[in-house]
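Heads up: the structure comes next, in structure tokens.
None of the figures in this text is laboratory data; all of them are computed from the coordinates on show. As the structure is a computational prediction, the values presented were derived from the model and not from experiment. Every residue, glycine as well, gets a Cβ built from its backbone with ideal geometry; the counts of neighbours run over all protein chains shown.
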Amino acid sequence: MNLTPDLSRRILLYSSTGHALMHMMTVFYAVIVLTLAIEWKLPAEDLLKLYAPATILLGIVSLPAGWASDRFGAPAMMVVMFLGLGLSSIACGLVPTGDTLSLALALCGLGVFGAFYHSVGIGWVIRTAREQGHAMGVNGLFGSIGLALYGVVPGVLITLASWRAAFIVPGIVCMAVGVALLWEIARGRVGDRPMPVTPGVKTGRAEFWRVFSVLSVTMALEGVLWQAVMFGAAFVFESHFAGNVLLVGLAASMIYAVSGVAQYALGRRIIDRYPLKTTYIVASGLQIGAMLALAMGNGWFALFGAIASAILSSATGPVENILIARYTPSRYHGLGFGAKFVVAFGASPLAILAIAWIRKETGNLDLLFLGLAVLSAVIVLVALLLPGEERTREAPAAAQPAPAE
């Protein structure tokens, strides 16, 4: 594929839109469940547990989704993601009142098709980017916009209509984007290419296994931390806003609105300029303070901690993605990213179950966030084993297949 600036921008737009929709639609249940508990007259903790199987699928389906991307191409699999995610969300909005089994099954659809994005879309962006850090910054900004909307969109739709609209409207939008991408593919306006070689980076079997072994540990712990902050923050804010679902949604959205801008700046100013290993270790270390703020602060200080945590995750996530893209041969990119997110999302159900159990036993989530502070310290220690690299800002290399293992 001849990578022109226009084609690169178009790919970035579709992948980034998918990033926004995927993040919003795999997390907005954390806000919807608060209203659902009132209307169905069931404990919020019990309804939250219905999403645990979906989070498991969000992890394990990443691997077959990655294989499918290697076999059938990233653009086609992005279409599958958009259509499947949209249909699943609409199905959630159509379940009969009180039917927890049907809701759990429909939520599983969000997990299955949401799993496609990171296995497919992230590698697609990195392979076709002219500046990897900048592209990841833009892509991350859209992802953060999606996370920002996970509170606002359901909050507004529930206030103006119902919890059913909070599922159905985003589902329709997601399907429309999938149809548009399918049309672009049919016209030959969207494509893919192998991963360009990065100057100064030694690749091979030994380097690949070293990077992936270290990241397997840190990504699992990061997955627990990320999911705990996303779902736990809504419960923390609920106690300060007297159950007002719109205010809870706005507070949750503020976290990711701020972090989205920060992620764009990090991609442009940090990831393209400084060693990836150093960036990863510093950001992970600062997470300790963010978790302590969530555990020990009042409402506003906890909000500051949640924002700081989201910003720091905006640095570690792209670093992990670029490292995997650089050290994994292009023909296995889908499987590489699929394996990453099996690890990252596979551990995240622990966060859901921990939130439900700790909140039920203690009435708050202070103990949860103190534990996450310890987890952040462990991530720093393990990340010290990553290989060092030269600064990442290099002239774009000619497109060619990545080295064999």
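Compactness of region 13-96 is given as radius of gyration and Dmax, 15.0, 46 Å, from Cα positions.
Neighbour counting of Cβ atoms within 10 Å sorts the residues ARG187, ARG273, fewest neighbours leading, into ARG187, ARG273.
Rank these for me by crowding, ASP99, ASP70, going from fewest to most other beta carbons within 10 Å. Kindly include the intermediate steps, with their values, before the conclusion.
Working: ASP99 12, ASP70 21.
Least to most surrounded, the residues fall as ASP99, ASP70.
For region 146-153, 3J(HN,Hα) computed residue by residue from phi via the Karplus equation (6.51, -1.76, 1.60; θ = phi - 60°) reads x, 5, 5, 6, 5, x, 5, 4 Hz, glycine and proline entered as x. Once C-alpha pairs closer than 8 Å and six or more residues apart are averaged by separation and normalised to the residue number of region 5-383, the relative contact order reads 28 percent. Residue order for TRP357, TRP163, fewest other beta carbons within 10 angstrom first, comes to TRP357, TRP163.
In sequence order, region 211-225 has phi-based couplings of 5, 5, 5, 5, 5, 4, 6, 5, 5, 5, 5, 4, x, 5, 4 Hz under the Karplus curve 6.51 cos²θ - 1.76 cosθ + 1.60, θ = phi - 60°, and Gly or Pro positions carry x. Here region 5-383 is treated as a sphere whose radius is the Kirkwood value from Cα pairs; by Stokes-Einstein at 37 °C and 0.692 mPa s it diffuses with a coefficient of 161 µm²/s.
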